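S.K.: After the structure tokens below, expect a handful of questions from me.
The values are calculated or read from the model by the stated rules, or taken from the named source; none is laboratory data. All values reported here derive from a predicted model rather than from experimental measurement. Please note: Cβ atoms are built from the backbone with ideal geometry, for glycine as well, and neighbour counts cover all protein chains shown. Areas reflect the complete protein model, heavy atoms only, side chains present, ligands, DNA and RNA absent. Shrake-Rupley method; radii C 1.70, N 1.55, O 1.52, S 1.80 Å.
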Amino acid sequence: MRLAAMNIVAISLSSVRPGVAFASRNARFGARSPTTSRGARFSSRSSSKWLSSSSRPALLATLPTRPASSSSSLGASLRDLLEQSSDPPSPAAVAAPLAAQIPAEDVSTTASDVEEDVAEEEPKGGMMKGPPGATSVSSEVDGDSTSTSTSTPTSTSTEADPTPTKSYTEPMISISDAYDSGNGEFVSLRFADGEDDYCDVHVHVKIKPDPFTQLENKQHFQYFSFRSTLNPDSPAMRGLFHGKKSIKVKYVLDNAGYASYAAAFQGYSTFFTTRATPFDPDSWRRKDDTSVVGKSLTWTHTHEVDGDASAYFAYFPPYSQDRHLDLISKCAMAEGATVKSLGPTIEGREIDYVTVGNGPNNCWIIHRQHPGESMAEFYAEGLLTRLLGLDDKWDKVAERARELYTFRIVPNINPDGSCNGYLRTNADGQNLNREWCPSPAPLAEGSEDDAEPETYEAPTMERSPEVYHLLRRMDETGCDAFLDIHGDEALPFNF
């Protein structure tokens, strides 16, 4: 049992004196659990030091001086730790006497296991770890998966008072992608050993994959965007990190090496912003210490306890649906422009397009077939701004372009994939860049090599309505020129 090394704290010390068990447990986790009626309450917040001068003698008096039994031997060991210094002992120092008291047949762990994490259990479904008794749940709201860390009451009774006491915990750091274009799932948290990259905490996150792509027979993933928030009132912040003004966190993107274009992470720098919203493009900066370690992508960030406790991290700054609608609204009010919809997506979003100019040549320009390439819509915004003079700057080049062409510009042809934080697909998992015409379907598993492949029909209203609507409209207007705007992962000035 991985929890045995922690549970032994409450079991052994409770045989010394009721209440002391929770004192030791709280010293490890920084929790403010109530003790029994006979024990003195211990709180890491009662003093700037881990034990005040007035409370140290009281706690020392409860610990034996001679190892009369296994439990009293443990108490004597802890007494030595208390007498040696007024500073809090390290987790390893506490773990050593604890591990010595655990029968080999009852536990398959070591002292180092005690200091690994606040939670010793492996997370289920990528949820937040927590102290013993904490559980994690996953919920879905409007199609967005969110991770929530909750706590289940844990009961500990003593001989003097059989009434159980309860302990509740809060996560030290929470990871959220429950916003437009969010993508990032919490995996685990562990405390650094003090010598590893000079960090306090390591937070592991993974990229969620796109829906399965039928034609390519795979799940793409690469784009990520998530929020990380430090909780100053968590047990760890009240205990192990009590009094610290900032916490340095090393973020580890566990599955980056298995992404669709893993080589693109070489030389890449993660984007971050500490603004309250991730949708201010001017606020984003680069993490210069981003590096590839094995199959992981890592970077560090310092969270201020009393300042910027939250930060957003992204593959590239997101372009939100709200910003898209604001752009469409500006175009609709601009002179010489009309706004229409090609039709609805699978999830019911309109595919807007803007008509500009009155020239004899029909030019279609589309953006974000691959939704993770958000810079493509920033390009669309700049293009429309210049063609329509949305920034009150008029130039002869734009005027001449409108005389030569009738532009039909689709700023975002894949709004579903964009809002869901996907890299390459729409809501049905289809790569729109492969949905423009019928093609040979992939052979079924176990088929003969010389088997005649079936035809993959595309586009269809069921799988790829975005391309279906676009081609139908292009057939009506004609097309003399066509531009499909992408962002290449291998080009550093894009990603």
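S.K.: Dipole of the range 339-399 (Lys/Arg Cβ +1, Asp/Glu Cβ -1, origin at the Cα centre): which of Gln369, Asn358, Pro344 lies farthest to the positive side?
M.R.: Asn358
S.K.: List, in the order given, every pair from Lys218/Lys287; Lys248/Lys287; Lys206/Lys244; Lys248/Lys295; Lys206/Lys250; Lys330/Lys396 whose Cα-Cα distance in the structure shown is over 25 Å.
M.R.: Lys218/Lys287; Lys206/Lys244
S.K.: GluC sites (Glu not before Pro), restricted to the range 356-448: which are DSSP loop and have at most 14 other Cβ atoms within 10 Å?
M.R.: For GluC sites (Glu not before Pro) across the range 356-448 that sit outside H, G, I, E and B with at most 14 neighbouring Cβ atoms in 10 Å, the list reads Glu445, Glu448.
S.K.: Can you tell me how the range 197-346 classifies by the Cα gyration tensor, rounded, prolate or oblate, using a/c under 1.5 as the rounded cut?
M.R.: Verdict is oblate for the range 197-346.
S.K.: Something else about it: What is the projected area of the convex hull of the Cα atoms of the range 374-495, averaged over all directions, in nm²?
M.R.: If I average the Cα hull's projected area over directions, I get 11.0 nm².
S.K.: How big is the range 224-288 along each principal axis, measuring the range of its Cα positions in Å and listing the largest first?
M.R.: Dimensions of the range 224-288 along the principal axes of its Cα atoms: 42, 28, 18 Å.
S.K.: Moving on. Relative contact order (percent) for the range 339-457, with alpha-carbon contacts under 8 angstrom and 6 or more residues of separation?
M.R.: 30
S.K.: Quickly rank 471-477, 382-388 as a protection proxy: mean count of other C-beta atoms within 10 Å, highest first.
M.R.: Going by the mean number of other Cβ atoms within 10 Å, highest first, we get 382-388, 471-477.
S.K.: Using only Cα atoms, what is the ratio of the radius of gyration of the range 385-439 to 2.2 N^0.38 Å?
M.R.: Relative to the 2.2 N^0.38 Å estimate, the range 385-439 comes out at 1.66.
S.K.: Placing unit charges on C-beta atoms (Lys and Arg positive, Asp and Glu negative, everything else neutral), compute the dipole magnitude of the range 229-373 about its Cα centre in debye, rounded to 20.
M.R.: Magnitude of the dipole: close to 440 debye.
S.K.: Along the charge dipole of the range 244-314, which of Gly307, Gly294, Ser260 sits closest to the positive end, that is, farthest toward it, with unit charges on the beta carbon of Lys, Arg, Asp and Glu (+1, +1, -1, -1)?
M.R.: Projecting each Cα onto the dipole axis, the largest value belongs to Gly294.
S.K.: Further question: Relative to the present Cα-Cα distance, how much length would full extension add between Arg472 and Ala276 at 0.36 nm per residue of separation?
M.R.: Extra length available between Arg472 and Ala276 comes to 66.4 nm.
S.K.: Run the accessible area of the range 183-273 with a 1.4 Å probe and give the carbon-and-sulfur part as a rounded percent.
M.R.: The computed percentage sits at 47.
S.K.: Could you tell me which residue out of Trp436, Pro411, Thr455 lies farthest along the dipole of the range 388-490 toward its positive end? Charges go on the beta carbon: Lys and Arg +1, Asp and Glu -1, centred on the Cα centre.
M.R.: Farthest towards the positive pole: Pro411.
S.K.: Now a separate question. Report the charge-dipole magnitude of the range 275-340 in Debye, nearest 20, computed about the Cα centre from +1 at each Lys and Arg Cβ and -1 at each Asp and Glu Cβ.
M.R.: With only Lys, Arg, Asp and Glu charged at Cβ, the dipole is about 380 debye.
S.K.: What's the magnitude of the charge dipole for the range 351-419 around its Cα centre, counting Lys and Arg as +1 and Asp and Glu as -1 at the beta-carbon? Answer in Debye, nearest 20.
M.R.: 260
S.K.: Tell me, what is the percent relative contact order of the range 311-374, built from C-alpha pairs under 8 Å that lie six or more residues apart?
M.R.: About 28 percent, as a whole number.
S.K.: How about the range 219-262: which trypsin sites (Lys or Arg not before Pro) there are in a DSSP loop, with at most 15 other Cβ atoms within 10 Å of their Cβ?
M.R.: Lys244, Lys245
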